[in-house]
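To start, the structure itself, in structure tokens.
The values are calculated or read from the model by the stated rules, or taken from the named source; none is laboratory data. Keep in mind that this is a model prediction, so the values were computed, not measured. Glycine also receives a Cβ, built like all others from the backbone with ideal geometry; neighbour counts cover every protein chain displayed. Ligands, DNA and RNA are excluded from the accessible area calculation, which covers all protein heavy atoms including side chains. Shrake-Rupley method; radii C 1.70, N 1.55, O 1.52, S 1.80 Å.
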Amino acid sequence: MTTTTHRPTLELRGITKRFGHVTALDDVHLQARPGEILALLGDNGAGKSTLVKVMSGLYAPDEGEIRLAGDPRRFATPAQARSAGIATVHQDLALVECLDVATNLFLGRFPRRGLFVDRARMERETEEFLRSLDVTVSSVRTEIGMLSGGQRQIVAIARALKTGADTVLLDEPTAALGVRETAQAADLIRRLRDQGKAVIVVSHDMQLVFDTADRVQVMRLGRVAGVRTVAETDRDEVVALITGSRRDT
Amino acid sequence: MSTVTVRAVLRTGSGRAARLLTGPQAGVFAAIVVLLAITQARNPVALQSDNLIEILRSTVTYFIAGCGATMLLVGGGLDLSIGSVFAAGAVAAGMLMNHGVPWPAAIVLGVAVGGLLGALNAFLVIVAQVPPFITTLGSFFAVNGLVTVLTEGNPLFDFPEGFGRAGQGEIGGIPYLVVYAVVAGVLCHLVLEKTRFGYDTRAIGGNESAALANGVAVDRVKTWLYVISGGTAALCGILLAARLSSADPNSGGSSFAFQVLAATIIGGTSLFGGVGSVGGTALGALLFSVLANTLVLTRVNPLWQNVATGTVLVLAVMVDQARRRRRFRTGRSG
């Protein structure tokens, strides 16, 4: 599975994570490459969320190695993972509904000018940043509570990227979205790839996976059931890997 | 829950103008005007400057504590202990002055006592994880008891002249008290609307876990909010003591705490955090003073005042809730 042309941005080697007697992850390998979308699939309890939490710094693995651009790294906190360039968008989005788009984008690091928050700069930079992602919002002064689920997802993704991350981890980005909104989110995910980011998408949504992803990695019972390039597989094979009726190893 | 926290705070120029006409403050403002008009029709004393200044003077006590309560509620907290902290501040400053401490220092130390009691509330809420309602209900009783024990229930007096002047003086016909309230109000407004502390406060009240996940120093901000709540309540107690030249351990109490919270909520501040403004609280506090004034000038039995206060409070929140639901629906479908 290794290629020489793409050096992986994020690489997991032999990751194992146990909770008491339960082995949630067992010798898991994973590679995320720049300019590529990797879809992470698997049934409930397959270990996807645990894996996401390991990559985003919420869980420390018991065994194995996390490498960023070839260097082994350890993340004690989500903040460390974030500053190392791994942006995570969790399912609950963590937006403040009663605050506007610009304020949410700068949550936790409001720019100051003298004693006061520099609102003008916040709004200007938000507009510029959203434009650079090809995202249009009617106004950066719109409250999150007034936005649709899809627009919220886009704001959450944009905020994750604001840290200048080169690896983006999306946990079920379309779980709560309608058809049209899912298409919008898929568009943004593709644009992230086109900008050279390594994108990892955890999803149940086969349509989304086959529409956007370049590779799929299927998890089953805490192990890697198989890795495929989308161009060289089909739904039947992927479903077989998910349900366990087909196994690589 | 989400229908409550979501409210339009569009910060556009037209939005600001529109908010004055359609926001929660508009109704309160209209109510104040109507009450003054009714009173004036039945008693021409109402709009005379003496009466208007008296209304302002009685607003001060509730408003300054209301500033602290507003910030705390916006940050998702709650402080019921302000009624006791009010008396604690007055008694602490009074005891210090009776022991020869100069009055300006006694005021500062009295406010500090309030701040410390706030810090204790913060500790219990944040570290011991006791819900704010329980924590501050407990400290309400405990502080109330302590103050009574320390004074044996007797008011303190014999304060330096300067202290009395600070509470009774006027400048150009405007009581110092009103000046203090304006300064406190402007300060709190700027902190809440313009500073990083204020932005963090609103983020915490709006969605605490989101604020935490994005690196807001949640515990530090919340601690300061409780300290500010205690400090402003103590300051109110001290100012009343200066106005009356007497520090009464029985002043404040639960009725003070509830009046302050009622004024704050009528002014558009949400009990669920994230939403609220100091300007709204000013109008809310003013409405209650005008209401009390109306009852007196129209010779209604003042015992009716609490009935009126309670009715107005529930009505105001009902109207506000209905407006928010409507706004939320149209917002989502658009």
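Taking only the alpha carbons of region B:52-321, we obtain Rg and Dmax values of 18.0, 56 Å in that order. Maximal additional length on extending the A:Arg124-A:Ser139 stretch stands at 4.3 nm, based on 0.36 nm per residue less the C-alpha distance.
Each of the peptides B:121-129, B:48-56 was scored by the mean count of other Cβ atoms within 10 Å over its residues; in descending order, highest first, they stand as B:121-129, B:48-56. Sequence-distant contacts, meaning Cα pairs under 8 Å at least 6 residues apart, place the relative contact order of chain A at 27 percent.
Farthest towards the positive end of the charge dipole of chain B, among the residues B:Leu235, B:Leu109, B:Gly267, is the Cα of B:Gly267, using unit charges on the Cβ of Lys, Arg, Asp and Glu. Taking 23 Å as the limit for the C-alpha separation, the pairs A:Lys53/A:Lys197; A:Lys17/A:Lys48; A:Lys53/B:Lys222 exceed it in the case of A:Lys53/B:Lys222.
Accessible-area rank, largest first, for A:Leu161, B:Leu156: B:Leu156, A:Leu161, with all protein chains present and a 1.4 angstrom probe.
Of all the options B:Asp200, B:Asp320, B:Asp158, the one that moves most in a Gaussian network model of chain B with Cα springs shorter than 10 angstrom is B:Asp158.
With R₀ set to 56 Å, the beta-carbon distance separating A:Leu58 from B:Val33 gives a calculated FRET efficiency near 0.55.
The listed residues B:His189, A:His21 rank as A:His21, B:His189 when sorted by accessible area, largest first, using a 1.4 Å probe. Dividing the summed helix terms, -39500 (n - 2.57) for each DSSP H run of n ≥ 4, by the number of residues in the protein assembly as shown produces a 222 nm estimate of -18500 deg cm²/dmol to the nearest 500.
In this simple spin-label approximation, A:Arg67 and B:Gln321 carry label points 7 Å from Cα along the Cα→Cβ vector, and these lie 6.0 nm apart.
In terms of its alpha-carbon gyration tensor, region B:131-217 comes out oblate; a/c meets the 1.5 threshold, while b/c is at least as large as a/b.
Given the Cα-Cα distance of B:Ala105 and B:Leu187 and 0.36 nm per residue of separation, how much length would full extension add, in nm?
Between B:Ala105 and B:Leu187, full extension yields an extra 27.4 nm.
Shape call for region B:208-323 from the C-alpha gyration tensor, a ≥ b ≥ c root eigenvalues: rounded (a/c under 1.5), prolate (a/b greater than b/c) or oblate?
Details: a/c = 2.99, a/b = 1.36, b/c = 2.20.
Because a/c hits 1.5 or more and a/b fails to exceed b/c, region B:208-323 counts as oblate.
The value of relative contact order for region A:114-249, using C-alpha pairs under 8 Å at least six residues apart, is 17 percent.
Within chain B, B:Cys236 have no other Cys Cβ under 4.7 Å of their Cβ and so lack a disulfide-compatible partner by this rule. The coefficient of translational diffusion for the protein assembly as shown, derived via Stokes-Einstein from the alpha carbon Kirkwood radius under 10 °C and 1.306 mPa s, stands at 59 µm²/s.
Over region B:52-321, Cα pairs under 8 Å with separation of 6+ residues give a relative contact order of 37 percent.
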